[in-house]
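One structure is given below, encoded as structure tokens.
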Amino acid sequence: MIFVLVAVVSCSAEPQVVEVTRVVNNDVPVTVEVTRVVTQETTVEVPVEVTRVVEVEVAVIVTATPESQPEPTAVPPTPTVEVIAPTAVPPTAVPPTGATYTVVPGDTLSVIAGKTGVAAEDIATANGLSNINIIAVGQELIIPGWDGELAAGGTPENPTQPTAPVAGANLLPNPSFEEGWYFFNGVAEWQLPNQWQLAVDEGPNTLSPGSGGSFYRPEIRVLSRAHIPPAEQSLFLFDGENTIKAFKGDAPTNFSIFTDVALQPGSYRFTANFFPDAVTGYNGSQKIWNGDPLAAEYRIIHNGGGTGWQSAPAGRKNTVTYEFTLTEPGTVRLGVGFRNRFAQSNNGWFIDDWSLQAINTP
Ligand SMILES: [Ca+2]
């Protein structure tokens, strides 16, 4: 096929290289966008032989006939154009096309993949993300092949409209961990509730007292009631039908679960419930929970701060609260860090029923 390629080239004696990023449509004549030329001096129409017309990146080498003093009415020079790329680019290398998605608090690439039905790796590739763990609230991502419709269960949110402080409302996303889960970072041993994120310390355990060498990553599951023995359901399931179970045997652990919430100015109370399942051994089938106050510890995560580590008595439900005031609209990171410094039979946690509420101020 012979199409007319409109390219901006330099009238120079030397061959010029221009980059053509996109063939815009498949109709004749083909229009291309030229993003960079060595010297922009004139515009010529160049007959091009194109073997395949798709949206591909092509590099075009243009050799223009020099015209030192071109007559205004002269026929433009007819450079030779060699189309290099179309037959060399594999079909999967087409530039990303698809709708744009704006990152909202609680999003990770995995969450966005769930919302859009497009694999996280494809989203990372389409947006040139070198670190799939780093996306920012408000960032716009091209979702290749996405039609702009959020998948069932996806929650459309507008990051420019932070949640207004309404007394009594739970402002956390998926606060009871009932609204689905995903594999954090694609790791099969880390089931995370949708819209929550995970950080795991696998470095050396230098705590004293402490034992077991380096911290080990816990296995994390979002358990439904059916997967909890009836006798333990009231212990480990605080609200609804699902709870988080984190556990690791014979090694210290240190991890945190958190989310980002857009908030209006105001005062807030964050409440977290968890059950430290720190077990030193078993008496028959009966767990012997570790009575050492250091056996299980937690800390509140609030942006880069929060609280220091505090004892979390094992073998019973702990309810902890944390209050803060926000003077300007913003996104706040909230969560809880959990650690077990001793290697023992089980370093476990059941985690459920968290909340963030606006509270009245004087
Ligand atoms: Ca729950």
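Couple of notes before you dig in:
- Pair list, Cβ < 8 Å and 6+ apart or interchain, from segment 265-281 residues that are within 15 Å of H302 (Cβ to Cβ) to residues that are polar (S, T, N, Q) and assigned to a loop (DSSP other than H, G, I, E, B): G266/T361; S267/N360; S267/T361
- Residues in segment 222-237 that are surrounded by 15 or more Cβ atoms within 10 Å (Cβ to Cβ) and more than 13 Å from the ligand (Cβ to nearest atom): L235 alone.
- Inter-residue pairs, beta-carbon under 6 Å, first more than 16 Å from T206 (Cα to Cα) and touching a residue at least 12 places away in the same chain (Cβ under 8 Å) and in segment 238-254, second within 7 Å of the ligand (Cβ to nearest atom) and part of a loop (DSSP other than H, G, I, E, B), 6+ apart: D239/S176; G240/S176; G240/E178; N242/F177; N242/E178; T243/L237; I244/F177
- Scoring W181 on the criteria (1) away from the ligand (no atom under 16 Å from the Cβ); (2) within 24 Å of I132 (Cα to Cα); (3) out of contact with any Asp or Glu (no Cβ under 9 Å at 6 or more places or on another chain) leaves a single failure, condition (1).
- Taking every residue in segment 190-212 that is over 23 Å from I135 (Cβ atoms) and outside the structural domain of Y298 (by TED's automatic domain parsing) and pairing it with any residue that is surrounded by 14 or more Cβ atoms within 10 Å (Cβ to Cβ) and at pLDDT below 95, at least 6 positions away or on another chain, yields no pair with a Cβ-Cβ distance below 7 Å.
- Inter-residue pairs, beta-carbon under 9 Å, first over 11 Å from D277 (Cβ atoms) and in segment 341-358, second of a type in the set (D, E, K, R) and within 14 Å of the ligand (Cβ to nearest atom), 6+ apart: D352/D239; D353/D239
- Each residue in segment 243-270 was checked for being within 13 Å of the ligand (Cβ to nearest atom) and farther than 27 Å from Y216 by Cβ, and 0 pass.
- Looking at segment 286-362, the strands (runs of 3 or more DSSP E) lying wholly inside it that each contain 2 or more residues that are hydroxyl-bearing (S, T, Y) and more than 19 Å from T253 (Cβ to Cβ) sit at 318-326.
Here is a yes/no grid of residues against (1) under 18 Å from V261 (Cβ atoms); (2) surrounded by 18 or more Cβ atoms within 10 Å (Cβ to Cβ); (3) modelled with pLDDT of 95 or more:
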| position | (1), (2), (3) |
| --- | --- |
| G315 | no, no, yes |
| T319 | no, no, yes |
| T327 | yes, no, no |
| V336 | yes, yes, yes |
| N340 | no, yes, yes |
| A343 | no, yes, yes |
| W349 | no, yes, yes |
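- Of the residues making up segment 267-280, at least one is surrounded by fewer than 22 Cβ atoms within 10 Å (Cβ to Cβ) and under 25 Å from the mean Cα position of the chain (by Cα).
- Across segment 209-220, a minimum of one residue is classified as within 23 Å of I300 (Cβ to Cβ), surrounded by 14 or more Cβ atoms within 10 Å (Cβ to Cβ) and within 15 Å of the ligand (Cβ to nearest atom).
- Going through (1) in a loop (DSSP other than H, G, I, E, B); (2) under 25 Å from the mean Cα position of the chain (by Cα); (3) within 11 Å of the ligand (Cβ to nearest atom) one by one, G240 falls short only on (2).
- Whether a residue is at negative phi and either in a strand (DSSP E or B) or within 13 Å of the ligand (Cβ to nearest atom) (or both) was assessed, and E202 does not pass this test.
The values are calculated or read from the model by the stated rules, or taken from the named source; none is laboratory data. All figures in this text were calculated on a predicted structure; none of them were measured in a lab. Every residue, glycine as well, gets a Cβ built from its backbone with ideal geometry; the counts of neighbours run over all protein chains shown.
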